Amino acid sequence: AGSWRQNISASLVSNIAGPSVGDPSEYQPDSSNGQADSHSPVRTENTLGVGLKLANGASVGAAMNFVYTPVADTGLEMQDPYLAIKKPLVDKNGFSLLAQLRAYVATSTPAQAANQIGRTRLVLVQNYTPANSRWSVGVTGYAQSYFYNGNRAANATKTKLLAEPSINYQIKPNLTAGLMYDMLAKNKEPMARIRFILDHVRTSMKWNRFIS
C-alpha cells in the first residue's frame, strides 16, 4: 500500500490572465492595441490533476480544467477534462526531453456549441540545465487537433500550434521561478508569462506583450 501512495501525485496549475502592466484594470488588454478589452475580464485558468507513476518511468493521469472570473462574478466555469500519458524520453548531461499525449473530452458549453467531440494534444518539453547551475532554459511546444460531430463551422479550428521558450531559476530545491513567452500560431499575439513552481503547485501570471 505504501508503494502505491508514493507513486500517486496531485497537482494544481493556476494561471492568472491579468491586465496590462502599464495600465492595470479589471480587464485584459486587447491583443491588437494593448487597450483594456471589456469583453475579456481578468480571470484565473486552473487545472487540477492526479497521476500514477508506472514502472517504466511513464505516468498516466487525469485532469479537470476550470476558470474563475471574479470581475464578472460568474463563479466557476468547467472546461474540457482530459486523460494523459507522459514519458521522459531523454535525461542526460543536463538535457531533458519529455513527451505527453492528452485526450480531451468535449464537455464544456463552448465545445459542445461548436459540435466538438474532443481533441488531442501532443506536448514536447525540452529543458537544459548547465552543471552546478540554478539557471535553466527550455522550450515547450504542442500540436493540437480538434474533432467534430458532423458539420462544423467554416471558421472552426482544426489544428493549433504553440511554442513557448522559457528561462528558469531555482530559488530553493522546491521553488522555481520562470519567465515564458507564449507564441500561439495563427490565433493571437504572443504573450509573456511569469511562473512560480512550488513542488506540484504552480502559479503564473501572463500579460499581453503590449504595455499601454
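The values are calculated or read from the model by the stated rules, or taken from the named source; none is laboratory data. A quick note: this is a predicted structure, and the numbers were derived from the prediction, not measured. Cβ placement follows ideal geometry from the backbone for every residue including glycine, while neighbour counts extend to all protein chains displayed. Each accessible area value is taken on the protein alone, full model and side chains, heavy atoms only, with ligands, DNA and RNA left out. Shrake-Rupley method; radii C 1.70, N 1.55, O 1.52, S 1.80 Å.
Each residue in region 125-136 was checked for being open to solvent by 70 Å² or more (accessible area, probe 1.4 Å) and touching a residue at least 12 places away in the same chain (Cβ under 8 Å), and 5 of them qualify.
For the structure I just gave you, tell me whether residue 38 is assigned to a loop (DSSP other than H, G, I, E, B), hydroxyl-bearing (Ser, Thr, Tyr) and modelled with pLDDT under 80. No, not satisfied. On the basis of being within 26 Å of residue 178 (Cα to Cα) and buried (at least 16 other Cβ atoms within 10 Å of the Cβ), does residue 86 make the cut? Yes. Selection of region 141-160 for residues being open to solvent by 40 Å² or more (accessible area, probe 1.4 Å) and farther than 18 Å from residue 103 by Cβ yields 150, 151, 152, 153, 154, 155.
How about region 57-83: which of its residues are farther than 30 Å from residue 96 by Cβ, at pLDDT 85 or above and of a type in the set (Asp, Glu)? First the steps, then the outcome.
So the first thing to find is which residues in region 57-83 are farther than 30 Å from residue 96 by Cβ, and the list is 67-78.
From the residues that got through so far, the ones that are at pLDDT 85 or above too are 67-69, 77-78.
77 - this is the single residue of region 57-83 that is farther than 30 Å from residue 96 by Cβ, at pLDDT 85 or above and of a type in the set (Asp, Glu).
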